[in-house]
Structure formats: structure tokens, C-alpha cells
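J.: Quick one: the structure is below, and I'll ask about it shortly.
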Amino acid sequence: MSKIQQINRRDFVKLFGLATGGIILGCNISLDSKDFIPQIEGTFAPNLFVQIKKDGNIILLASRSEMGQGIRTSLASAIADELEADWKYITLQQATGNAKYGNQNTDGSRSVRTLLEPMRRMGATAKAMLITAAATKWKAKEADCFAENHFIINRNTNEKIFFGDLVAEAAKVAIPDEKTINLKKVEDFKYIGKTLKSLDLKAFIHGTATYGIDVRIPNMKFAAIARCPVTFGTVKSFNANAAEKTPGVEKVFQLDRLVPPTGSFFGALGGVAVIANNTWAAFKGKESLEIEWNYGENHSFDSEKFKETLTNRIKEKGKLVPGSSGKVEDAFEQASKTIEATYHVPFLVHAPMEVPNATAWFQKDKIEVWAPVQDPQTARAELAHFFEIPLQNITVNVTFLGGGFGRKSKSDFVVEAVALSKKIKAPVQVVWTREDDIQHSFYHATSAQYLKGSLDTNGQVTGWLQRVAFPSIVSSFKPLSEYASGFELNQGFTNNPYNISNFSLENAKAEANLRIGWMRSVVHIHSGFGNNSFVDELAFAAKKDAVQFHLDLIGADRVIEGRSEFPYDSKRMKAVLKNTAKVSNWGKTIPENHGLGVAIHYSFYSYVATIVEVSVINEKVKVENVWTTIDCGLALNKDNIKNQLEGAAIFGMSLALYGKISVKEGAVEQHNYYDYEMTRMKDAPKIHVDIIEAMHERPTGVGEPGVPVMAPAICNAIFNATGKRIRSLPLVDFGLV
Amino acid sequence: MSKILSINGKSYTIDVQDDMPILWAIRDIVGLIGTKFGCGVSQCGACSVLIDGILTKSCSMPVSFAFGKEIFTIEGSSPNLEFLREAWNEGNVPQCGYCQSGQLIAATSLLDATENPTDKDIDAAMSSNICRCGTYSRIKKAIHKAVALKNESI
């Protein structure tokens with residue numbers, strides 16, 4: 001991070017558009033070594049700031065998108081703690097999409113990981129300045145003054161001054177040298193590591209939070225787009241007579257596909273757009289369109305056939321992936337027993353409750369957008385590219401996100417809205433129907449995995465061969481990318497938590513015929529399912545207890561320094577598993593027709609172990625209990641972490657039981673929540689979450705790591721209950737739900 | 001033709017097609033945006049409102065059905081809804097918050113009809129509402145808490 005500095009009034013107005021006054025501190029923080037943080041005309045342009053106003057109110061910049069993970073509250077708590085602020089004075093200003101804020105792409109469970117320390121330093125610096133101002137006023141020693149609950153207190157005289165009454169003087173104090181700033185000790189934390197309610201709770205329970213779909217601009221229009229059922233198909237011809245007669249419909253026109261250049265953009269699919277004076281008329285007009293499509297080359301795509309293709313490919317030797325070690329063939333030759341298995345995960349879709357939508361206003365030389373985006377900067381850069389408007393004339397306002405799960409980091413819906421606004425010369429909100437969302441997404445890839453493992457006479461694993469095939473996310477940016485990339489394989493495949501001396505990972509070809517994207521926990525869904533299912537099969541073959549078998553496979557205590565600043569520590573992996581086994585009473589007698597299954601996974605630098613109890617009655621599975629333990633280092637907001645893990649259990653359960661996007665003749669076969677189902681309350685298990693006390697460790701990911709363990713733990717529990725091994729998701733395909 | 005829609009005790013004169021779903025009349029014509037669109041086909045409950053006290057998926061009922069009736073939305077207030085809000089707040093229930101308008105309206109309907117709902121009653125009443133963030137266990141706990149708050153207040 002850069003030095004913390006005061007922001008002058010003029011720059012503050014220019015940068016953030018907020019009223020000045022009081023103390024305004026800022027600093028720059030890079031979330032990614034690739035980040036470029038531009039300085040505007042040599043002035044100090046911070047990407048984080050805290051403003052303390054004369055009335056005592058504290059305003060913080062939230063540069064990350066809020067989509068249910070509680071980030072606004074978590075980051076605010078870090079500053080407030082160091083500052084000794086009273087929580088009720090904290091408010092947040094949501095940042096627009098701008099490179100000046102550093103990397104804002106809210107994904108990869110990394111916000112807290114990267115922003116915690118800068119946030120704390122800002123709070124501590126502001127506190128030091130308030131103390132200096134108070135000490136000067138009282139002619140006291142700074143050492144005799146301390147901050148508590150929004151006051152500076154003189155410990156000798158018990159005099160106290162409210163923060164707000166000190167800001168005028170404190171603003172004149174020179175920024176203290178960062179070496180003199182001491183951060184609080186873990187045992188002194190007031191908010192960090194405790195339970196804080198969401199700052200946005202009140203808005204959520206009164207229906208007053210503004211999501212993208214709630215944005216209203218004077219004279220705005222509403223739009224729906226009919227897109228080709230086959231990915232990248234185009235409009236051959238269309239008849240808009242009926243649509244144009246729909247009351248409320250104002251215009252119907254063709255929207256060409258905006259093809260992204262190779263790189264990091266998403267473009268827009270194109271289709272036929274219906275502009276109306278309300279959302280319903282736009283939807284209805286769209287339904288009445290008669291369109292002939294040029295389906296293009298993806299028309300022949302069939303997901304069932306593709307599953308067979310991938311299954312055949314992983315029967316053959318693939319490309320050996322770096323990170324493989326030892327001689328797996330020798331291990332197999334010398335083995336007492338070898339086991340083989342093939343696993344499948346289908347295409348999946350995010351289906352956040354708030355459908356993709358965006359509101360845009362294109363005016364001659366400038367663009368303003370209001371949208372629920374995870375990655376506002378990419379959206380902004382895309383708009384500059386496609387509409388040839390200078391970046392500084394583009395504003396992307398980030399609303400609340402009604403769920404994101406990765407879908408809303410792809411800004412295709414923003415590009416659509418701007419293209420429509422440009423065409424009709426008015427502000428417009430494009431709203432996807434749920435069917436649009438299910439049928440035109442950036443899908444979580446399908447995968448096939450072949451595993452072969454060997455056991456020695458003691459039931460120890462001596463060899464592990466894993467062949468994987470899944471369409472790469474890179475295909476969305478670089479067409480014809482036909483192999484999973486290194487960064488994808490590094491999500492649980494090359495870096496599984498086990499210690500196996502003969503390990504071989506092979507990568508097989510998998511082309512993309514849909515737009516492929518990332519979904520909550522991404523490739524870990526594949527690796528978590530394959531790894532944990534197979535370990536369970538090995539444990540059974542070795543006639544060993546599954547938890548003990550996992551512990552043995554994790555092996556002796558060791559720390560692996562990876563390329564990142566967060567080394568993998570096998571001791572922590574074992575600790576979460578031991579805790580989960582303990583709290584779930586692993587080994588206890590369970591009712592007839594019940595089964596227990598275990599899974600562990602290391603993702604986003606966090607350690608998770610989960611045990612699931614299912615009942616299987618009349619061949620129907622009910623998930624009864626979920627016990628999850630996470631070690632995410634310093635636990636910033638404990639109740640929020642619990643909430644995230646509870647939610648991840650339901651998200652993982654939904655995909656295990658129901659999640660499947662299938663494709664026939666190039667078109668997605670599912671439509672809505674009735675055929676792309678979700679876990680509902682009546683089927684929700686009891687979820688018990690434990691957080692390992694690791695307050696001296698740096699914080700690691702929370703939003704995603706609870707997902708990958710669920711499907712394998714459920715399937716392992718079903719095997720435990722019934723002896724039936726499910727190697728292909730989802731369970732609904734086997735009549736089990 | 002202008003018609004009158006009564007929402008949370010207030011009358012709105014609106015000019016809409018009779019077949020427009022109540023949801024869009026509330027959101028796009030009246031301008032109350034707390035009631036949410038989720039699926040359009042009565043599957044997710046994000047659009048839940050009460051019409052003359054009856055829980056209704058507003059995305060799937062034409063606005064003509066609501067003429068002359070009283071619509072209750074998340075912008076409204078009732079004793080049960082306020083107990084639920086307090087419990088939601090205490091239990092830190094929402095994550096993204098988007099489905100919670102519908103969840104709270106469905107829970108209000110449950111408490112209006114059932115004084116002391118059991119887990120089974122709650123499952124039955126709340127399983128038409130999807131929460132993609134997965135806050136179900138908190139919602140269930142909060143409904144029990146709301147009942148407790150209500151009983152304490154008597």
C-alpha cells in the first residue's frame with residue numbers, strides 16, 4: 001500500500017463527488033500485482049478513504065461490490081475498530097467503477113484478504129491524529145490520551161472530547177510516520193472477530209435497498225431482448241407485427257452481436273430488442289416476435305454426446321500437467337490393489353435471484369450506467385471499447401447485487417443496455433427474464449474425470465492418476481482454447497491437500513460450445529467432487545475409516561510455500577477435519593437408513609472439512625445434517641462467516657441434488673426454477689458451522705470455500721447409507737430426489 | 001382506462017392493461033420497487049404480496065384481480081411484519097437481501113394465520129420462496145423468534 005495522506009478539498013470533490021470537511025485520509029492499495037494505480041495530474045488519488053466529519057459521522061469508501069457476502073460491513077468494521085469508533089456513526093459510500101480504486105473485481109474471495117490491513121492502518125492513523133489534536137488542546141502528553149467509543153479521553157483528568165469536535169484541529173495535524181502507528185492486538189479487538197450486523201440490514205428488511213432492477217431514471221424505457229437459442233447464432237429475419245401492436249411497446253429492432261476482441265471482455269449476444277414503456281410490455285412484445293435464426297456452428301452441440309466424448313477422451317493418456325511427480329505406473333504395477341472411477345459434473349448456471357439487468361444512458365459524448373456488477377471496471381473498459389467514448393466520460397454506478405455468484409462479473413448485460421440507449425437516444429433498462437438467464441448465461445463448465453489409485457498391503461495410497469477434461473473459461477476470451485488452463489488446474493487438481501508420492505495429472509481436450517464462465521468456487525467444484533469421491537472409494541477399498549484415511553492421506557505436518565503469500569499448511573487441514581469429526585460425533589451409531597459422508601477441500605487459501613448426514617428412505621435422499629469447519633485465518637465478522645458457510649452448504653446442495661444444464665441442438669433445455677431447481681426450506685438440513693480460532697493468521701477466503709465439499713460429502717453419505725455410489729451429478733438424474 | 005389500486009392503505013390511480021401482472025403494475029406504474037421480480041412463473045416467491053390478506057404471487061396474477069382489493073407489500077407495516085422485521089434484524093438473516101421482501105411477506109401471512117407455527121408449519125408456508133444465498137435456517141429461526149417477541153409483548 002502507499003503512504004496514507006490527507007486528501008485536499010478540491011481533489012476530494014473531484015475524485016469522489018462528496019462534500020468536504022473534517023479529516024479525509026486516503027491511501028492506495030493494489031489488490032493484484034498487475035494493478036496499475038494511476039495518479040491524476042500528480043495529485044494524490046487514493047483508492048481508499050475515510051472521512052470523519054464535524055458531526056462525528058464517518059464515511060468510508062466501499063470499492064467492492066456487495067452481493068450478499070457482507071463485504072461492506074466487514075471492511076467498515078476494520079477501520080472502525082482501529083479508530084475506536086462508535087459503530088452507529090459509520091456510513092458507506094459505494095464506489096463507481098474506476099481504475100483509481102485498484103482492482104474492484106469482486107471475485108476469488110479476496111476482498112478481506114487484501115484490504116484488511118490497509119483498512120486497519122487508515123483507522124489507526126486517523127485515531128493518532130485525533131489523539132494529537134486532543135493532547136494539544138489539553139496541553140497533555142499524547143501518551144496520556146486514548147480513544148474510546150468516539151471520544152478521546154485524558155486518563156489523568158478524565159476529560160473527554162467527541163471525535164467530531166476534534167476534527168477541525170486534527171485535520172491540521174501532520175500525518176504521523178507509519179512506523180509510529182501501532183495496530184491493535186488481537187485481544188483488544190472490539191469489532192474484528194466479533195459479530196456485527198450488516199450495515200444494510202435495515203434497507204433489506206424494508207425493501208428500500210436499490211438493486212440494479214430498481215433503478216429509475218426520468219423518462220427511462222424498458223427493454224427485453226430475444227436472443228438466439230444457440231450460442232452465437234444470428235438473426236436471419238423477423239416479423240415484429242404482433243410485438244409492435246402490444247400496448248406499451250414503442251420500438252422493435254435488431255441488435256447485432258458485439259464480438260469481444262481477444263482479451264478480457266465479454267461483448268453482447270445480440271438479437272431482437274423490444275423497447276417499451278414498462279417491463280411487462282417489453283417481455284410480452286418479445287414473446288410475440290417471430291424470428292428466424294441462423295443457428296451457426298454450435299447448432300449440432302448436444303451435451304449428452306459431449307459427455308460421452310469427454311468420457312472417451314479421458315480413457316486415453318492426456319497432456320501431462322506440470323506438478324506431477326514420481327512414477328505412477330510403477331506404483332500401479334507394485335500395488336496390492338488398484339481402483340478406477342470416472343466422475344461427471346454437468347454444466348451449471350448461477351441463477352441469482354436478481355436477473356441480469358442494467359440501466360444505461362448514452363448521451364452524445366458520455367455514458368452513465370447503473371448496474372449490479374461485480375466488476376465495474378471491466379464493464380467501463382468494455383463500454384469505452386465498443387462505443388468509442390473516452391474512459392473518463394463513462395460512469396458505472398454499482399447498485400446492490402441481488403446475488404452474483406460470478407454471473408454478474410460478466411458485463412454483457414451492461415453492454416446491451418448501452419447499445420440500446422445509444423440506438424433509442426434515451427435512458428433504458430434492459431431486464432432479462434429468468435428464461436433468458438437460464439438459457440444465455442456464461443455456464444460453469446461440465447467436466448469428466450478419470451481416476452486411478454493404488455494401495456499397498458497396508459492400505460496406504462501409493463499412486464494417484466487423474467485425467468481431467470472440461471471446457472476452459474479462457475475460451476470466452478480466446479476462442480478455440482480447448483484445454484483447461486494452468487490457473488484452472490491450480491484449483492484443487494495440481495494443489496490437492498494430500499501427500500502422494502506418485503501423482504500424475506493429465507489434461508484432455510474439451511472444446512467450448514457455450515459461453516463458459518466462473519461460478520461460485522469455480523473449478524473447485526470439479527476437483528472437490530473428484531478428489532473426495534475417490535478418496536472415499538479408496539478408503540472403502542482399504543477397509544479403513546474415511547476420516548482416518550483422509551488424515552493419513554493429508555500426511556505429516558508440512559508447509560508448502562506456493563507461489564502465493566499464503567502457504568498451504570497440512571496441520572491446519574487436519575485440524576478442521578478433526579474438529580468436524582468431533583462435533584459431528586463421527587463414528588457414532590446412526591439411525592437405520594442414515595449415512596455419513598466426509599469431504600475436505602483447500603480453496604481460496606482456506607481450509608474446510610464437512611461431514612454430511614443423509615437419510616435414504618424409499619430411494620429418496622434427505623440431507624439431514626451438515627457440519628462444516630472452516631479455518632479462514634483471522635475471522636473478521638464471525639456471524640457473517642457463519643451465514644456464508646450456511647449459504648454455501650445450501651448452494652452446494654442445490655447443485656448436487658438438482659444442478660444440470662443440458663443442451664440439445666445447441667439450445668439449453670432448462671427454462672426457469674421449475675426445471676432448474678433449487679433447494680428449498682423444506683429440504684434444508686440443519687447446518688452447524690465451526691470457525692477455527694486463528695486470529696493471528698492472515699484472513700483468507702470465506703464466500704466460496706464452503707461450496708466444493710458439499711456434493712462429494714452428500715454422495716459419500718449416500719454410499720455409506722445404501723452402498724450405491726453416485727459418480728455423476730446431479731442426484732435427481734438417479735431418481736434420488 | 002384509469003383504475004384505482006389500493007396499496008398499503010393508499011390509493012393510486014393508474015392507467016394499465018388489465019392483463020398486466022400485479023407485480024409490474026406495482027413496480028413500473030405505481031413505482032413501489034420493494035416487491036421483486038424473480039421468475040415470472042410463481043416459482044420463487046420474490047414477488048409475494050398480500051391481497052385482502054391472502055398470500056399472492058404478484059407476478060402471476062393480472063392487475064384486474066386486485067382492483068377493489070387491498071394490496072399489502074413490503075413497504076407496508078403490520079404488527080406481525082414488525083415483529084418479523086425485529087427478528088430478522090436480530091438474527092442477521094439476509095445476505096444479498098433480494099428475496100427477503102418476499103420472505104417477510106410470506107412469513108407475515110403465516111403469522112397472520114398461525115399463532116405458534118411449528119417447524120413443519122414454517123416449512124410448508126415458506127417453501128414457495130427461494131433464497132439463492134441459502135438463508136433458510138436463519139429465516140426459520142427468525143420466524144420462531146418473531147413469535148416469541150409477539151408473545152412477550154402481550
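The values are calculated or read from the model by the stated rules, or taken from the named source; none is laboratory data. This is a predicted model, so every value here is computed, not measured. Here the Cβ is made from the backbone with ideal geometry for all residues, glycine too, and neighbour counts use every protein chain on show. In case anyone asks, the SASA skips ligands and DNA or RNA and just uses the protein heavy atoms, side chains included. Shrake-Rupley method; radii C 1.70, N 1.55, O 1.52, S 1.80 Å.
J.: Within the stretch A:247-301, considering only strands (runs of 3 or more DSSP E) that don't extend past its boundaries, which have at least 2 residues that are over 34 Å from the mean Cα position of the chain (by Cα)? Steps first, answer last, please.
T.: On the way: elements: A:249-255, A:271-276, A:290-294.
Correct list: A:249-255, A:290-294.
J.: If you go through the stretch A:173-192 one residue at a time, do you hit one that is within 28 Å of B:Ala107 (Cβ to Cβ) and free of Cβ contacts under 8 Å to residues at least 12 places away in the same chain?
T.: Checked against the condition, which is being within 28 Å of B:Ala107 (Cβ to Cβ) and free of Cβ contacts under 8 Å to residues at least 12 places away in the same chain, the stretch A:173-192 yields no hits at all.
J.: Here is a further query. Under 6 Å between Cβ atoms, at least 6 apart or on separate chains: pull out the pairs that start in the stretch A:279-296 with a residue that is on the phi > 0 side of the Ramachandran plot and end on any residue that is of a type outside the set (Val, Ile, Thr).
T.: A:Gly296/A:Phe232; A:Gly296/A:Gly233
J.: While we're here: Of all residues in the stretch A:246-277, how many are closer than 27 Å to A:Arg216 by Cβ and not hydroxyl-bearing (Ser, Thr, Tyr)?
T.: 20
J.: Going residue by residue through the stretch A:192-202, is there one that turns out to be modelled with pLDDT under 95, surrounded by 18 or more Cβ atoms within 10 Å (Cβ to Cβ) and within 30 Å of A:Lys137 (Cβ to Cβ)?
T.: Yes; the residues of the stretch A:192-202 include at least one that is modelled with pLDDT under 95, surrounded by 18 or more Cβ atoms within 10 Å (Cβ to Cβ) and within 30 Å of A:Lys137 (Cβ to Cβ).
J.: Continuing with the same structure: Can you tell me which residues in the stretch A:608-660 are touching a Leu at 6+ places or on another chain (Cβ under 7 Å), part of a strand (DSSP E or B) and within 12 Å of chain B (Cβ to nearest Cβ)?
T.: Correct list: A:Asn637 only.
J.: Would you pick out the residues in the stretch A:209-235 that are closer than 17 Å to B:Cys47 by Cβ and within 9 Å of chain B (Cβ to nearest Cβ)?
T.: Matches in the stretch A:209-235: A:Ala209, A:Tyr211, A:Ile213, A:Asp214, A:Phe222.
J.: Something else about it: May I ask you to verify whether A:Val623 is more than 22 Å from the chain's Cα centre (by Cα), closer than 26 Å to B:Lys141 by Cβ and not acidic (Asp, Glu)?
T.: yes
J.: Only one residue in A:Glu333, A:Glu308, A:Glu316 is open to solvent by 70 Å² or more (accessible area, probe 1.4 Å), more than 14 Å from chain B (Cβ to nearest Cβ) and closer than 17 Å to A:Pro471 by Cβ. Which one?
T.: A:Glu308
J.: If you go through the stretch B:100-120 one residue at a time, do you hit one that is without any contact (Cβ under 8 Å) to a residue 24 or more places away in the chain, touching a Leu at 6+ places or on another chain (Cβ under 8 Å) and open to solvent by less than 30 Å² (accessible area, probe 1.4 Å)?
T.: No: zero hits.
J.: Here is a follow-up. In the stretch A:465-505, how many are basic (Lys, Arg) and part of a loop (DSSP other than H, G, I, E, B)?
T.: 1
J.: Report whether or not A:Ile714 is of a type in the set (A, V, I, L, M), at pLDDT 95 or above and within 21 Å of the chain's Cα centre (by Cα).
T.: Against the criterion (of a type in the set (A, V, I, L, M), at pLDDT 95 or above and within 21 Å of the chain's Cα centre (by Cα)), A:Ile714 does not qualify.
J.: Take the residues of the stretch A:353-383 that are polar (S, T, N, Q) and farther than 18 Å from A:Ile225 by Cα: which is least open to solvent (accessible area, probe 1.4 Å)?
T.: Our first condition is that a residue be polar (S, T, N, Q); within the stretch A:353-383, this holds for A:357, A:359, A:363, A:374, A:377-378.
Retained after the next criterion (residues that are farther than 18 Å from A:Ile225 by Cα): A:363, A:374, A:377-378.
Details: A:Gln363: 64, A:Gln374: 4, A:Gln377: 43, A:Thr378: 26 Å².
Only one residue tops the list, namely A:Gln374.
J.: Please work out if A:Thr462 is of a type outside the set (A, V, I, L, M), out of contact with any Phe, Trp or Tyr (no Cβ under 7 Å at 6 or more places or on another chain), more than 29 Å from A:Ala268 (Cβ to Cβ) and in a loop (DSSP other than H, G, I, E, B).
T.: It is false that A:Thr462 is of a type outside the set (A, V, I, L, M), out of contact with any Phe, Trp or Tyr (no Cβ under 7 Å at 6 or more places or on another chain), more than 29 Å from A:Ala268 (Cβ to Cβ) and in a loop (DSSP other than H, G, I, E, B).
J.: Right, here's the next one. For the stretch A:146-159, which residues satisfy the criterion of being in contact (Cβ under 8 Å) with a residue 12 or more places away in the chain, out of contact with any Asp or Glu (no Cβ under 6 Å at 6 or more places or on another chain) and open to solvent by 70 Å² or more (accessible area, probe 1.4 Å)?
T.: A:Thr157, A:Glu159
Here is a yes/no grid of residues against (1) open to solvent by less than 20 Å² (accessible area, probe 1.4 Å); (2) touching a helix residue (DSSP H, G or I) at 6+ places or on another chain (Cβ under 8 Å); (3) away from chain B (no Cβ under 14 Å); (4) not charged (D, E, K, R):
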site	(1), (2), (3), (4)
A:His385	no, no, yes, yes
A:Leu391	no, yes, yes, yes
A:Ile394	yes, yes, yes, yes
A:Gly402	yes, yes, no, yes
A:Gly406	yes, no, no, yes
A:Ser409	yes, yes, yes, yes
A:Val415	yes, yes, yes, yes
A:Ala419	yes, yes, yes, yes
A:Lys422	no, yes, yes, no
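J.: Mind telling me which of the residues B:Asp19, B:Asp52 ends up being more than 8 Å from chain A (Cβ to nearest Cβ), in contact (Cβ under 8 Å) with a residue 40 or more places away in the chain, in contact with a strand residue (DSSP E or B) (Cβ under 6 Å, 6 or more places away or on another chain) and surrounded by fewer than 16 Cβ atoms within 10 Å (Cβ to Cβ)?
T.: Sole residue among the options that is more than 8 Å from chain A (Cβ to nearest Cβ), in contact (Cβ under 8 Å) with a residue 40 or more places away in the chain, in contact with a strand residue (DSSP E or B) (Cβ under 6 Å, 6 or more places away or on another chain) and surrounded by fewer than 16 Cβ atoms within 10 Å (Cβ to Cβ): B:Asp19.
J.: Just to be sure before I move on: is B:Glu152 surrounded by 15 or more Cβ atoms within 10 Å (Cβ to Cβ) and either assigned to a helix (DSSP H, G or I) or in contact with an Asp or Glu (Cβ under 6 Å, 6 or more places away or on another chain) (or both) in the structure I sent?
T.: Working: surrounded by 15 or more Cβ atoms within 10 Å (Cβ to Cβ): no; either assigned to a helix (DSSP H, G or I) or in contact with an Asp or Glu (Cβ under 6 Å, 6 or more places away or on another chain) (or both): yes.
It is false that B:Glu152 is surrounded by 15 or more Cβ atoms within 10 Å (Cβ to Cβ) and either assigned to a helix (DSSP H, G or I) or in contact with an Asp or Glu (Cβ under 6 Å, 6 or more places away or on another chain) (or both).
J.: Of everything in the stretch B:22-38, what is among the aliphatic types (A, V, I, L, M), within 16 Å of A:Ala281 (Cβ to Cβ) and within 10 Å of chain A (Cβ to nearest Cβ)? Give them in sequence order.
T.: Result: B:Leu23, B:Ala25, B:Ile29.
J.: While we're looking at this one, here's another question. Looking only at the stretch A:704-728, which residues are open to solvent by 10 Å² or more (accessible area, probe 1.4 Å) and under 19 Å from A:Asn531 (Cβ atoms)?
T.: If the condition is that a residue be open to solvent by 10 Å² or more (accessible area, probe 1.4 Å) and under 19 Å from A:Asn531 (Cβ atoms), then A:Glu704, A:Phe719, A:Asn720, A:Arg725, A:Arg727, A:Ser728 are the ones that fit.
J.: Criterion first (within 14 Å of chain A (Cβ to nearest Cβ) and farther than 16 Å from A:Val431 by Cβ) does B:Val41 satisfy it? Steps first, answer last, please.
T.: On the way: within 14 Å of chain A (Cβ to nearest Cβ): yes; farther than 16 Å from A:Val431 by Cβ: no.
It is false that B:Val41 is within 14 Å of chain A (Cβ to nearest Cβ) and farther than 16 Å from A:Val431 by Cβ.
J.: Which residue, of A:Ala143, A:Ala135, is open to solvent by 30 Å² or more (accessible area, probe 1.4 Å) and either aliphatic (A, V, I, L, M) or in contact with a Pro (Cβ under 9 Å, 6 or more places away or on another chain) (or both)?
T.: A:Ala143
J.: So, B:Ser60, is that one away from chain A (no Cβ under 11 Å), farther than 21 Å from A:Gly647 by Cβ and open to solvent by 10 Å² or more (accessible area, probe 1.4 Å) or not?
T.: It is true that B:Ser60 is away from chain A (no Cβ under 11 Å), farther than 21 Å from A:Gly647 by Cβ and open to solvent by 10 Å² or more (accessible area, probe 1.4 Å).
J.: Turning to a different aspect of this structure: Going residue by residue through the stretch B:108-119, is there one that turns out to be modelled with pLDDT of 95 or more and within 23 Å of A:Leu401 (Cα to Cα)?
T.: Scanning the stretch B:108-119 turns up no residue that is modelled with pLDDT of 95 or more and within 23 Å of A:Leu401 (Cα to Cα).
J.: Here's a follow-up. Restricting the search to the stretch B:125-137, which residues are at the interface with chain A (Cβ under 7 Å from one of its Cβ atoms) and either hydrophobic (A, V, I, L, M, F, W, C) or open to solvent by 10 Å² or more (accessible area, probe 1.4 Å) (or both)?
T.: Once the filter is applied, which keeps residues that are at the interface with chain A (Cβ under 7 Å from one of its Cβ atoms) and either hydrophobic (A, V, I, L, M, F, W, C) or open to solvent by 10 Å² or more (accessible area, probe 1.4 Å) (or both), the stretch B:125-137 yields B:Met126, B:Ser127, B:Ile130, B:Arg132, B:Cys133, B:Ser137.
J.: Which residues, counting only those in the stretch A:450-479, are out of contact with any strand residue (DSSP E or B) (no Cβ under 8 Å at 6 or more places or on another chain) and closer than 17 Å to A:His526 by Cβ?
T.: Listed by number, the list holds a single entry, A:Val474.
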